[in-house]
Amino acid sequence: MCHEVSIEFDNNLPIYLQIMNYIKKQIITGKLQPGDKIPSVRELAVELQINPNTIQRTFQELEREEIVETRRGLGRYVTSEESKIMSIKKEMAGDLIQHFIQGMQELGFKEKDILTIVSDAFETDKSNLKEEG
Amino acid sequence: MEQLLHMDQVNKNYGGKIALQNVSLTVGSGRIIGLLGTNGSGKSTMMKIAAGLIQPASGTAEILGRPVGLETKALVSFMPDRPLTESWMKVKDALQFYEDFYTDFDPLKAERMLQFMNLNLGDKISTLSKGMNERLQLTLALSRNASLYLLDEPIGGVDPVARGKILDAIVEFYNEDSSIIISTHLVRDIERIFDEVIFIRNGELVLHDEVENIRLKHGKSIDDMFKEVFAE
Amino acid sequence: MIKLLKYDWKRNAGSISGLLAVLMIVQVLIGSMYYTGRWDSEVSIGLSMMVYGIVSTILLIMVFKTYDYNIRAYHRRLLPVPPLSSVTATMIQASAAMILILLLAACHIWVFWSISEWSEVLQFVHVQWSHVLVMLVSGFLKFIFFVAIVLFCITVSRSFRSKGSIWIGILLFFIIQSAVSWVSNKLFGEAPLTYQILTVRLEGRNYETAAVEEVVNGFWRPMLLELILTIALVYVAVKLIDRKVEV
C-alpha cells in the first residue's frame, strides 16, 4: 500500500479506534482491495506520527475482527473474504443510519417524515443529475 | 513485562524545597512514556535520578533491577535540558566522544540519524541554530542502543518544523526492547506518540495510566486532562 | 582515563599552546636583552624565573578549572567511568604541566650555561644522582599532595549548593595545609624542605656525606604521612563526587 495516508485525529477519542475506522473505510471505498498488503507497524507509526504500540493494537483488533490476517513472515493482508468486507460495510452503514436517525429525531421528525425527506432528497438528486447530463 | 525503571518511595529536596515526594513507579520495556508537568514540577529531578546524576534523599531507584549508579549509566541514555557537547567540538567530535565512551554506540544508526536530521559531520556545534542543536542532542542520545532513553523537553523551544522532525525521529529510531521517557509541558503536539503518561505536580505523582485508557475512560484528550489536572 | 585526558586536552589545546608560545617569546626576549648587554644577569635570571613561575601557575589553574568543570558537566558525569578516573586524570594533567615547565626550564638552563661563563661554576658542583633522584621523587610527591588538597577542596565546595561555597573550599585549603604541617612537625620534628638537598649540594663542596644522609632520612617519614593523606583525600573526593556533587 503506497498511498498517502491522511487522517485527522481527534485526541479526545482512543486513537486505535480512529485508525481502525480509517482502515475499514479504506477497504469499503476500495482504496484497499481484498488481499492487499497493509503497511507495517513501523511504517504506519512513522507516517502518522503515532505510537507504534497503538498501531499494533489497531492491527490486533482488526485481526480479531478477521478483517486483517497475518501471513507468517510476509506481513499483514486485507482479508479476501468478501463476506467479511460486506459485514464491515453493513456495520458502518448501520452506524451512519443510527447517527442520522438520532439527529433527525432530535430535530423532531417522526419516522414517516424522515422517510419522506429521504426519498425527496433522492428525487432532487436524480433530477439534478438529469439536468447536468 | 520487564522492569526497566523502578522507583520506590523516592524523595528529593534541594535545601528546604521539596522536589520529589514519595514517587513510586514502574516502567516496562517497549514503551514511549510522557512525563508531563509544568515547569518546576519535578520532571527533570526524576530524570536526573534515573540517569544517576543526583541521589535520592530517600527511597530507591533501579534500572533493570540494578541500583542506579556507575553500572546503570551504561544502560541509560539521557538527553538533558542542556547540551551534551562542548563548544570546541564539531559534529564528528561529538559522535566520536560518544563512540569512545559508550559501548552501545551504534555508528550506523548515528549516520542514518544525521542524514535524517540534515546534520553534517563537519558542522561546528557553536554555529548550529537552536533547532539544529536540539536535533544533534537527540541524535547523540538515540544513537546509542540503550535500554532506557530519557529525553528532557526535546521539543521545548524549537520551531514547529524542527518539532515535527524530532517526533519523527523518536518514532523512527526507537527500538522495541527499550523504553523512552519524554518530559514535556507541550502536550498537544506530542500526545499521540505516547503509550503511557505520568502526571507530576509539585513533586508528586498524580496520575500514571495508558493514554488510550484515559481517552476511553474520560473521553478527553491528554492535553485536556493535563489542563484539568494542572488548572490553578 | 586516557580517553578523558584526550578530551581535556582537546578542549584546552588551544589555550595551552598559546600560553607556551607566549612563554617562549618572552624567554627569548629576556635572553636577547641579556646577551645584548642591556640587562645584567641578575635581572634576566630573576625575570626569567618569574615568568616560568607565572606560566606554571596559570597552567595549574587551568588544570583545576578543567577538573571543576568536569565534575559538574552533564556529559562527563553521565559517562560510565568511575569518578576516580577524573581525579587521576587531573593529577596526570597537573604533573604533565609541571614536568613540561621543568623540562623547558632545564633546557633553558642548559643552553644558558653552555654559552655563558657560568659553566665554570658548574664544575664545582659534583652532582650525586641518587640525591637528585630523592629530591625529584619527594618533590613530586609533595606536588601530588598539593594537587590532592586542591582537588579535595574544589570537590567539597561543589558539594554545597549554596552561593558562597567557593569560600568554604578556600578556607578548607588553608586549614588542611596548616593542619598537616603542624601534625607533621609534632610527629617528626622540623621537616627539611625539598630544596635543602639542592642547597646542601651546591654550598658544600667538601661537606660530609652524613649531612646529606640526615636530610634524606628526614624526608621519608613526612613523605609517608603525605602519601597516606593523599590517598585519603582522593578517596573522600571520589565518594563526594559520587554522592554529593549534584548537577
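The values are calculated or read from the model by the stated rules, or taken from the named source; none is laboratory data. Everything quoted here is computed from the prediction, not taken from an experiment. No Cβ is skipped: glycine too gets one built from the backbone with ideal geometry, and neighbour counts run over all protein chains shown.
Considering only segment C:92-115, state which residues are under 22 Å from C:Y35 (Cα atoms), in a helix (DSSP H, G or I) and of a type in the set (A, V, I, L, M, F, W, C). Walk me through it before giving the result.
Our first condition is that a residue be under 22 Å from C:Y35 (Cα atoms); within segment C:92-115, this holds for C:104-115.
Add one more test, that the residue is in a helix (DSSP H, G or I), and what stays is C:104-114.
C:L104, C:A105, C:A106, C:C107, C:I109, C:W110, C:V111, C:F112, C:W113 - these are the residues of segment C:92-115 that are under 22 Å from C:Y35 (Cα atoms), in a helix (DSSP H, G or I) and of a type in the set (A, V, I, L, M, F, W, C).
So B:M79 clears everything in (1) within 12 Å of chain C (Cβ to nearest Cβ); (2) closer than 23 Å to C:S159 by Cα except one condition, right? Which one?
It fails just one condition, (2).
Report those strands (runs of 3 or more DSSP E) wholly inside segment B:161-213 carrying at least 1 residues which are acidic (D, E). Before you say what the answer is, go through the steps one by one.
Numbers: elements: B:179-184, B:196-201, B:204-210.
Of the strands (runs of 3 or more DSSP E) lying wholly inside segment B:161-213, those with at least 1 residues that are acidic (D, E) span B:196-201, B:204-210.
How about segment B:215-232: which of its residues are in contact with a strand residue (DSSP E or B) (Cβ under 7 Å, 6 or more places away or on another chain) and crowded, with 22+ Cβ neighbours inside 10 Å?
Here is the first cut: in segment B:215-232, the ones in contact with a strand residue (DSSP E or B) (Cβ under 7 Å, 6 or more places away or on another chain) are B:222, B:226, B:229-230.
Within segment B:215-232, B:I222, B:F226 meet the criteria.
So how many residues does segment B:121-143 have that are exposed (fewer than 12 other Cβ atoms within 10 Å of the Cβ) and either under 20 Å from B:G156 (Cα atoms) or out of contact with any strand residue (DSSP E or B) (no Cβ under 9 Å at 6 or more places or on another chain) (or both)? Steps first, please.
As a first pass, look at segment B:121-143 and keep what is exposed (fewer than 12 other Cβ atoms within 10 Å of the Cβ): B:122, B:127, B:129-130.
Now restrict to residues that are either under 20 Å from B:G156 (Cα atoms) or out of contact with any strand residue (DSSP E or B) (no Cβ under 9 Å at 6 or more places or on another chain) (or both): B:127, B:129-130.
Selection size over segment B:121-143: 3.
So, in segment C:220-247, how many residues would count as being within 12 Å of chain B (Cβ to nearest Cβ) and in a helix (DSSP H, G or I)?
Applying the first criterion (within 12 Å of chain B (Cβ to nearest Cβ)) to segment C:220-247 yields C:238-247.
Next, from what is left, pick out any that are in a helix (DSSP H, G or I): C:238-243.
The total comes to 6.
Hey, could you check segment B:1-35 for residues that are among the hydroxyl-bearing types (S, T, Y) and touching a residue at least 40 places away in the same chain (Cβ under 8 Å) and say which is surrounded by the most Cβ atoms within 10 Å (Cβ to Cβ)?
At the first step, the residues of segment B:1-35 found to be among the hydroxyl-bearing types (S, T, Y) are B:14, B:24, B:26, B:29.
Now restrict to residues that are touching a residue at least 40 places away in the same chain (Cβ under 8 Å): B:24, B:29.
On the way: B:S24: 13, B:S29: 17.
Checking each candidate, the answer is B:S29.
Kindly indicate the residue of segment B:156-213 that is touching a Lys or Arg at 6+ places or on another chain (Cβ under 7 Å) and of a type in the set (A, V, I, L, M) and also farthest from the other protein chains (Cβ to nearest Cβ) among those meeting that condition.
At the first step, the residues of segment B:156-213 found to be touching a Lys or Arg at 6+ places or on another chain (Cβ under 7 Å) are B:157-158, B:162, B:165-166, B:173, B:179, B:183, B:189, B:195-196, B:200.
Then drop every residue that is not of a type in the set (A, V, I, L, M), which leaves B:158, B:162, B:166, B:200.
Numbers: B:V158: 16, B:A162: 14, B:I166: 11, B:I200: 19 Å.
Looking at residues that are touching a Lys or Arg at 6+ places or on another chain (Cβ under 7 Å) and of a type in the set (A, V, I, L, M), I get B:I200.
Quick one: what pairs do we get from segment C:1-17, first residue at pLDDT 90 or above, second among the charged types (D, E, K, R) and not in a helix (DSSP H, G or I), C-beta under 7 Å, 6+ apart or different chains?
Every condition considered, the pairs that remain are C:R11/B:E86.
For residues that are part of a loop (DSSP other than H, G, I, E, B) and at the interface with chain C (Cβ under 9 Å from one of its Cβ atoms), scanning just segment B:88-111, find the one that is farthest from C:K10 (Cα to Cα).
B:T103
In segment C:1-87, which helices (runs of 4 or more DSSP H) lie fully inside it and hold 2 or more residues that are among the polar types (S, T, N, Q)? So that I can check it myself, show each step before the final result.
On the way: elements: C:2-35, C:41-72, C:74-77.
Of the helices (runs of 4 or more DSSP H) lying wholly inside segment C:1-87, those with at least 2 residues that are among the polar types (S, T, N, Q) span C:2-35, C:41-72.
May I ask you to list the residues in segment A:6-26 that are more than 20 Å from A:V46 (Cβ to Cβ), within 14 Å of chain B (Cβ to nearest Cβ) and touching a helix residue (DSSP H, G or I) at 6+ places or on another chain (Cβ under 7 Å)? Working first, answer last.
Initially, segment A:6-26 is screened for residues more than 20 Å from A:V46 (Cβ to Cβ), giving A:10, A:12-14, A:17, A:21, A:24-25.
Right, trim to within 14 Å of chain B (Cβ to nearest Cβ) and you get A:10, A:12-14, A:17.
Once the filter is applied, which keeps residues that are more than 20 Å from A:V46 (Cβ to Cβ), within 14 Å of chain B (Cβ to nearest Cβ) and touching a helix residue (DSSP H, G or I) at 6+ places or on another chain (Cβ under 7 Å), segment A:6-26 yields A:D10, A:N12, A:L13, A:P14.
Anything in segment B:36-58 that is more than 12 Å from chain C (Cβ to nearest Cβ) and either touching a Ser or Thr at 6+ places or on another chain (Cβ under 6 Å) or surrounded by fewer than 17 Cβ atoms within 10 Å (Cβ to Cβ) (or both)? List them, or say none.
At the first step, the residues of segment B:36-58 found to be more than 12 Å from chain C (Cβ to nearest Cβ) are B:36-43, B:46, B:58.
B:T38, B:N39, B:G40, B:K43, B:S58 - these are the residues of segment B:36-58 that are more than 12 Å from chain C (Cβ to nearest Cβ) and either touching a Ser or Thr at 6+ places or on another chain (Cβ under 6 Å) or surrounded by fewer than 17 Cβ atoms within 10 Å (Cβ to Cβ) (or both).
Would you be able to tell me the number of residues in segment A:51-94 that are on the phi > 0 side of the Ramachandran plot and in contact with a Pro (Cβ under 6 Å, 6 or more places away or on another chain)?
Filtering segment A:51-94 down to residues on the phi > 0 side of the Ramachandran plot leaves A:66, A:73, A:75.
Next, from what is left, pick out any that are in contact with a Pro (Cβ under 6 Å, 6 or more places away or on another chain): none.
Residues that pass the stated criteria total 0.
Can you tell me which residues in segment C:2-25 are within 15 Å of C:S48 (Cα to Cα) and more than 22 Å from the chain's Cα centre (by Cα)?
Scanning segment C:2-25 gives a single hit, C:I25.
Filter segment A:27-65 down to the residues that are among the basic types (K, R) and facing chain B (nearest Cβ under 10 Å), then identify the one that is farthest from A:M86 (Cα to Cα). Full working, then the answer.
Going through segment A:27-65, the residues among the basic types (K, R) turn out to be A:31, A:37, A:42, A:57, A:64.
With facing chain B (nearest Cβ under 10 Å) added as a condition, the list becomes A:42, A:57.
On the way: A:R42: 29, A:R57: 23 Å.
Among residues in segment A:27-65 that are among the basic types (K, R) and facing chain B (nearest Cβ under 10 Å), the one farthest from A:M86 (Cα to Cα) is A:R42.
Of all helices (runs of 4 or more DSSP H) completely enclosed by segment A:17-133, which ones contain at least 1 residues that are in contact (Cβ under 8 Å) with a residue 40 or more places away in the chain?
Numbers: elements: A:41-48, A:52-64, A:82-106, A:111-132.
In segment A:17-133, A:41-48, A:52-64, A:82-106 are the helices (runs of 4 or more DSSP H) which contain 1 or more residues that are in contact (Cβ under 8 Å) with a residue 40 or more places away in the chain.
Tell me which residues, restricted to segment C:89-113, are buried (at least 17 other Cβ atoms within 10 Å of the Cβ) and of a type in the set (S, T, Y).
C:T90, the sole residue that qualifies.
Go through segment C:40-77 and give me each residue that's of a type in the set (D, E, K, R) and surrounded by 13 or more Cβ atoms within 10 Å (Cβ to Cβ).
Going through segment C:40-77, the residues of a type in the set (D, E, K, R) turn out to be C:40, C:42, C:65, C:68, C:72, C:76-77.
C:D68, C:R72, C:R76, C:R77 - these are the residues of segment C:40-77 that are of a type in the set (D, E, K, R) and surrounded by 13 or more Cβ atoms within 10 Å (Cβ to Cβ).
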